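Here the structure is laid out as structure tokens; the discussion comes afterwards.
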Protein chains: 2
Amino acid sequence: MKIQVKGVGLTKFGELWDKSLLDLSLEASVEAIKDALIDEKNIDAVFVGNMLIGKIAGQDHLGPVVASALGLNCAAFKVEGACASGGLAVHLAIQGLLAGTYKNVLVVGAEKMSDAPTSQITWALMGASSSLERKAGLTFPALYAMLSQAHMQKYGTTRQQLAYVSVKNHFHAALNPKAQYPFEITLEQVLNSSRIASPISLLDCSPITDGAAAVVLAADTNSKGVYITASAVASDTIDLAQRESLTELKATQAAGKLALKQAGVEITDIKLAEVHDCFTIAEVLAMEDLGFCPKGGGGKFISSKATKLGGKCPVNTSGGLKACGHPVGATGVKQIIEVTQQLRNSAGKRQVKEANIGLTQNVGGTGATVVVHVLQN
Amino acid sequence: MKIQVKGVGLTKFGELWDKSLLDLSLEASVEAIKDALIDEKNIDAVFVGNMLIGKIAGQDHLGPVVASALGLNCAAFKVEGACASGGLAVHLAIQGLLAGTYKNVLVVGAEKMSDAPTSQITWALMGASSSLERKAGLTFPALYAMLSQAHMQKYGTTRQQLAYVSVKNHFHAALNPKAQYPFEITLEQVLNSSRIASPISLLDCSPITDGAAAVVLAADTNSKGVYITASAVASDTIDLAQRESLTELKATQAAGKLALKQAGVEITDIKLAEVHDCFTIAEVLAMEDLGFCPKGGGGKFISSKATKLGGKCPVNTSGGLKACGHPVGATGVKQIIEVTQQLRNSAGKRQVKEANIGLTQNVGGTGATVVVHVLQN
């Protein structure tokens with residue numbers, strides 16, 4: 001498969017008190033359409049990735065909300081798959097293009113989280129998880145803390161190795177003007193930050209973020225540019241208790257394997273990746289389950305600086321969910337944008353040298369949904 | 001395009017106090033997979049159409065919830081577009097098949113509404129509409145009442161003509177064992193039922209319903225069977241105040257026109273249809289906007305019994321949303337099932353004679369989303 005990324009648009013990520021979900025969606029969309037050098041009337045389908053706005057502000061039916069605000073009355077969809085909503089929206093938009101039904105599609109991932117009280121956001125986010133987990137009083141930091149504990153026990157992954165994921169991603173975010181936290185932090189700061197759910201501390205966690213990301217995709221395969229060459233989705237139980245193992249995300253393994261096959265590349269061909277570091281353990285699992293390093297070796301691999309800018313395969317050059325921010329529905333689309341900018345050689349101070357093949361991994365819940373894309377130029 | 005409807009599964013519609021959303025989804029899915037005569041392991045993608053469960057019970061991320069309960073770890077998606085969620089799920093599933101990415105997909109539309117208090121359901125449903133309409137205190141009966149008033153004023157449509165839509169659809173529902181209200185009602189009963197929002201009375205309104213509908217679709221075009229030959233989506237502003245006209249749904253006109261073109265048929269070729277009669281005026285608008293009768297002539301057309309079983313084009317033989325019931329996310333999928341059963345000549349007492357081409361029209365909100373499918377055998 002070969003789908004062109006014709007245009008990208010990205011808002012600042014952060015606590016954006018003066019902007020609504022629609023403001024953010026339009027800002028990113030208008031930028032993406034302009035970047036695509038097409039007339040917006042040529043957009044024939046709009047895909048919106050969003051998880052929370054229905055629950056926290058009552059507004060569903062986002063497809064036509066966004067489309068009509070752009071002056072379009074084309075096909076319009078909202079896709080939800082928890083924190084993978086953006087990645088799934090990209091995947092489904094691609095299907096419409098491959099089918100030949102649509103020629104130019106706009107995919108917008110957007111989330112407005114800071115307006116809601118933390119208790120409401122916590123409740124809303126737990127919709128990604130199982131009713132049993134909700135009844136048990138579990139929250140996402142607690143669920144990922146269990147994954148962390150299991151990994152530490154089985155493979156000897158250390159607290160310092162986990163903390164280093166945050167240090168690395170803040171280092172990258174400091175080079176990204178769109179990042180929510182564009183500054184560096186130290187290992188000591190992570191280790192000494194407030195404990196949330198052992199071993200996870202505050203600075204192991206991705207934040208509450210407002211933001212939107214948009215891409216214009218087209219089936220056009222003639223012109224030069226950045227292409228999505230694989231789009232794979234896999235699922236798993238939403239309930240951790242039903243899994244055979246807590247030290248791997250099988251959906252990442254399945255989607256990763258399928259994506260590499262679709263693109264016809266090996267994991268060693270990947271020059272950079274954006275992965276779903278909602279908590280530090282998630283990036284460790286991603287490295288292993290995608291095959292960047294052997295199972296159990298993720299902590300050591302990341303600490304070796306192989307995935308830091310300048311290393312053999314920089315990961316989360318945007319700053320990742322941790323430091324660029326995690327507006328839930330936007331994240332999967334933002335990952336596509338970061339890799340596109342790298343492949344266009346337009347990533348500024350965080351440019352990866354000789355970037356020609358990149359990968360994105362977007363996770364919903366604790367791995368019940370995983371979407372993997374491969375991009376090439 | 002040509003997509004086979006390989007299997008269908010439908011629960012009873014009604015107030016199903018002893019069944020959860022997942023129970024209903026699985027019941028319909030297992031029946032559809034069995035009807036398709038395939039092993040469930042051959043399902044490679046699951047599309048769930050649902051609007052409300054996240055808001056009323058906290059549970060999002062329904063794709064993997066349904067897939068994993070079926071023992072599948074394939075690609076899984078939730079699609080939301082208000083009351084058109086089911087139709088949109090079918091449309092997007094078709095794109096995955098046409099793209100060649102998936103071979104056999106399961107589409108499940110499901111809703112569990114009766115567990116929630118009416119006030120919560122009213123709030124949740126208004127997510128389909130605009131924030132301005134919500135702030136103004138409008139509810140869906142009020143919005144459709146405005147559409148009714150405008151139509152009565154402009155075209156002289158009568159209260160009796162509107163009421164007759166309910167009478168006809170209850171007549172059909174009396175022949176459908178899956179219907180929520182499988183009994184006939186009289187014109188007087190509709191006219192004398194409690195006034196909700198003038199001119200809409202209680203028996204002009206579709207009910208609160210629990211239920212699920214599932215179909216297995218495949219790209220297989222070799223075997224005999226029922227095929228979806230058109231799938232078209234259009235959108236409009238979600239806010240009625242932004243529309244040029246209150247006496248037509250432009251998205252129905254656009255999606256209908258596109259669907260007929262895709263299928264290569266004329267409206268006069270359609271032998272039966274399932275349309276979105278959430279309120280009686282909606283069926284009048286559907287008849288006109290799809291082209292079954294001239295603009296303004298819908299009330300007269302329906303009252304002529306042309307769309308009653310035995311007429312030239314029976315409409316809503318299932319009983320429609322009014323009498324079969326309206327479990328929001330299930331409705332668009334149930335429409336596909338009713339037409340499939342008619343084309344299979346397996347609709348029992350409500351069988352339309354020589355049914356060979358059927359159409360479905362599924363509406364989100366007050367017409368911000370419209371999905372039209374054409375089916376042929």
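Each value in this text was obtained by applying a stated rule to the coordinates, not by laboratory testing. The structure displayed is predicted, hence computed values, not measured ones. Don't worry about glycine lacking a Cβ; one is built from the backbone with ideal geometry, like all the others, and counts go over all protein chains shown.
Laid out as a table, the results:
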item: Above-threshold pairs, the threshold being 20 Å between Cα atoms, out of A:K261/B:K2; B:K168/B:K312; A:K34/A:K103; B:K6/B:K224; result: A:K261/B:K2
item: Shielding by partners - mean other protein chain Cβ count within 10 Å, residues of A:66-77; result: 6
item: Distance cut-off 48 Å, percentage of C-alpha pairs in the protein assembly as shown lying past it; result: 15
item: Rh (Kirkwood; distinct C-alpha pairs) - segment B:58-160, Å; result: 16.9
item: Value at 222 nm in deg cm²/dmol, rounded to 500, when DSSP H runs of n ≥ 4 in chain B each add -39,500 (n - 2.57); result: -11000 deg cm²/dmol
item: Percent antiparallel among DSSP beta bridges (both partners in chain B, rounded to 5); result: 70
item: Debye-sum result for segment B:226-377 in log10 I(q)/I(0), which assumes one identical scatterer on each alpha carbon, at q = 0.10, 0.19 Å⁻¹; result: -0.29, -1.15
item: Listed residue pairs exceeding 28 Å between alpha carbons, taken from A:K78/B:K300; A:K250/A:K349; A:K78/B:K349; B:K19/B:K55; result: A:K78/B:K300; A:K250/A:K349; A:K78/B:K349
item: Packing-based exposure ordering (other Cβ within 10 Å, fewest first) of B:D204, B:D210; result: B:D210, B:D204
item: Kirkwood Rh, Cα atoms: Rg over Rh of segment A:1-79; result: 0.97
item: Reachable aspartates and glutamates from B:K295, criterion Cα separation under 18 angstrom, eight or more residues apart if same chain; result: B:E244, B:E248, B:E266, B:D277, B:E283
item: Calculated label separations, A:S119, copies of the chain, 7 Å along the beta-carbon direction, nm; result: 1.7
item: Residue with peak Gaussian network fluctuation, chain A [Cα springs, cutoff 10 Å], from A:L138, A:L203, A:L258; result: A:L138
item: Shortest-first distances to equivalent copies, position A:N42, nm, label 7 Å out along Cβ; result: 4.2
item: Built amide H within the under 5 Å cut-off of B:I196, gap 5+; result: B:S201, B:L202
item: Amide H contacts under 5 Å for B:C74, placed H, 5+ residues apart; result: A:S235
item: For segment A:25-117, alpha-carbon Rg over 2.2 N^0.38 Å; result: 1.05
item: Among A:E133, A:E244, A:E338: highest mean-square fluctuation, GNM of chain A, C-alpha pairs under 10 Å; result: A:E244
item: For B:Q160, inter-copy label distances in nm, listed shortest first [label point 7 Å out on the Cα-Cβ vector]; result: 8.9
item: Area projected by the alpha carbon convex hull of segment A:93-247, averaged over all directions, nm²; result: 12.7
item: nm² value of the averaged projected area, convex hull over the Cα atoms of chain A; result: 16.3
item: Segment B:252-326 - Rg (one decimal) and Dmax (whole number), Cα, Å; result: 11.8, 32
